[in-house]
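Q: If you scroll down you'll find the structure; I have some questions about it.
The values are calculated or read from the model by the stated rules, or taken from the named source; none is laboratory data. Not measured: the values here are computed from a predicted model. Reconstructed Cβ throughout: ideal geometry from the backbone, glycine too, with neighbour counts over all protein chains shown.
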Amino acid sequence: MATVELDSGVTEDYEDVRVIEGPRSGLTMAVAIHRTVDGRSLGGCRMWTYPQAADAVADAERLARSMTFKAAGAGLRLGGGKAVIALPRDGVLAGEYRQAALHDFGDLVESLEGRYVTAQDVGATLDDMVEIARWTDHVAGHPIEEGGAGDPSPYTAEGVEIAIRASLGPRALVGARVVVIGLGHVGGELARRLAAGGARLAVTDVNPARRALADELGAEWIDDSRTALLLDADLIAPCALGRLLDEETVPLLKAPIVAGAANNQLAHDGIGQLLHERGVLWAPDFVANAGGLIAVADELYGFDRDRVERKIAAIGSTLEEVYARTTTSTLTAAKELAAERVGGENA
Ligand SMILES: NC(=O)c1ccc[n+]([C@@H]2O[C@H](COP(=O)([O-])OP(=O)(O)OC[C@H]3O[C@@H](n4cnc5c(N)ncnc54)[C@H](O)[C@@H]3O)[C@@H](O)[C@H]2O)c1
């Protein structure tokens, strides 16, 4: 397998970073292993268009690092890894071309001999996981019919609802004004759950077709995500893209709580301190959105729905522990807690 030397900026902070140019597809693909626990790391495979190959590698590294925190925070006996497949310039990867890329990627995962277990992430489908599993055993996130967890999104949404209830504390969800930004796989399911729980919803999505869900749930429709973020509400739940909390938006926030599914909500780690100073309670994303990882990782022990439910329920007590550490930002507290938990439990 051809290994391409790229300046990926790898530091000694990572156990391994492999970058190849797929021999069949010609596409750049990378696996970054931040930490292994018992020789194993897990994280999704992102299929995305990047300006340069080095950007793809940097993304894999950044995401692998946050997987270490996510797994540890959820008490899982797993390290963090992540993979990316850089899509062709036009973003189209279909038919035999896609199969060739997934074959290349399966071989790459297999060459790591189980130190990295792959799963679904942005741009990848459950069918892609089935295809990759033809070339390597080190895949999690199998269809339900095959005894797997299936789509992780409902588990993520369930965990985010628990995080929202923990963040509201004694304030009830019934009657609380909650803003959901992004009504995709997770945000749509979350909005349904919150509506059923009696929240007064305001929602937004760049895709106007999602307005149908707002109408169905009797939710207020907001035209753009910036307006939604800055609404006077009890809680904001970001469920679209990351980096929406920065030096410009945090001082303008009116809601006292931010708790949602989106990964990497902070533009950079320093924003955690800014939120703390402003008295905004932020549920660290890697704690709040761990439900999907918990479900998919459970396949490593033989998927057990009851065990998964117990672990997702524990997201609430983990957040309470984070919030009890009042002398630091919730980001720092969650990282400290994750560091204490690295190694986790077996099953
Ligand atoms: N799916 C999971 O299990 C899971 C697990 C952990 C974290 N996450 C994170 O949660 C977020 C949502 O994931 P998803 O699986 O629901 O993705 P998705 O692609 O299904 O949904 C995202 C939604 O956000 C909308 N959107 C995009 N940009 C927007 C903007 N600027 N303003 C408003 N809406 C916008 C999209 O139109 C889409 O409806 C992502 O950040 C993802 O990384 C997802």
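Q: How do the pairs read when you match residues in region 242-253 that are modelled with pLDDT of 95 or more with residues anywhere that are within 13 Å of the ligand (Cβ to nearest atom) and among the polar types (S, T, N, Q), using Cβ under 9 Å and keeping only pairs 6 or more apart or on different chains?
A: Cβ pairs passing all conditions: Leu244/Ser225; Leu244/Gln265; Leu245/Gln265.
Q: Now for a separate question. For region 150-177, name all the residues that are closer than 21 Å to Leu230 by Cα and more than 15 Å from the ligand (Cβ to nearest atom).
A: Arg165, Ser167, Leu168, Arg171, Leu173, Gly175, Ala176, Arg177
Q: Continuing with the same structure: Could you tell me which numbered condition Gly260 fails, if it satisfies all but one of (1) under 29 Å from Ala64 (Cα atoms); (2) without any contact (Cβ under 8 Å) to a residue 24 or more places away in the chain?
A: (2)
Q: Further question: Out of region 326-342, which residues are surrounded by fewer than 16 Cβ atoms within 10 Å (Cβ to Cβ) and over 20 Å from the mean Cα position of the chain (by Cα)?
A: Residues satisfying the conditions are Thr326, Thr327, Thr328, Glu340.
Q: Out of Gly80, Gly73, I need the residue that is out of contact with any strand residue (DSSP E or B) (no Cβ under 9 Å at 6 or more places or on another chain), surrounded by 24 or more Cβ atoms within 10 Å (Cβ to Cβ) and closer than 30 Å to Ala283 by Cα. Which one?
A: The conditions single out Gly73.
Q: For the condition surrounded by fewer than 16 Cβ atoms within 10 Å (Cβ to Cβ) and either of a type in the set (Phe, Trp, Tyr) or under 16 Å from the mean Cα position of the chain (by Cα) (or both), what is the one hit in Tyr323, Tyr301?
A: Tyr301
Q: Are there any pairs with C-beta distances below 9 angstrom linking a residue in region 287-311 that is within 12 Å of Leu78 (Cβ to Cβ) and without any contact (Cβ under 8 Å) to a residue 60 or more places away in the chain to a residue that is more than 15 Å from the ligand (Cβ to nearest atom) and not in a helix (DSSP H, G or I), with the two at least 6 apart or on different chains, and if so which?
A: Qualifying pairs under 9 Å: Tyr301/Asn346; Tyr301/Ala347.
Q: Ok, one more. For a quick check of your reading of the model, give me the residue pairs whose first member lies in region 70-97 and is on the phi > 0 side of the Ramachandran plot, whose second is part of a loop (DSSP other than H, G, I, E, B), with beta-carbon atoms closer than 7 Å and at least 6 apart or on different chains.
A: Gly75/Gly344; Gly91/Thr49
Q: Confirm whether Val130 is in a helix (DSSP H, G or I), surrounded by fewer than 24 Cβ atoms within 10 Å (Cβ to Cβ), among the β-branched types (Val, Ile, Thr) and at pLDDT below 95.
A: yes
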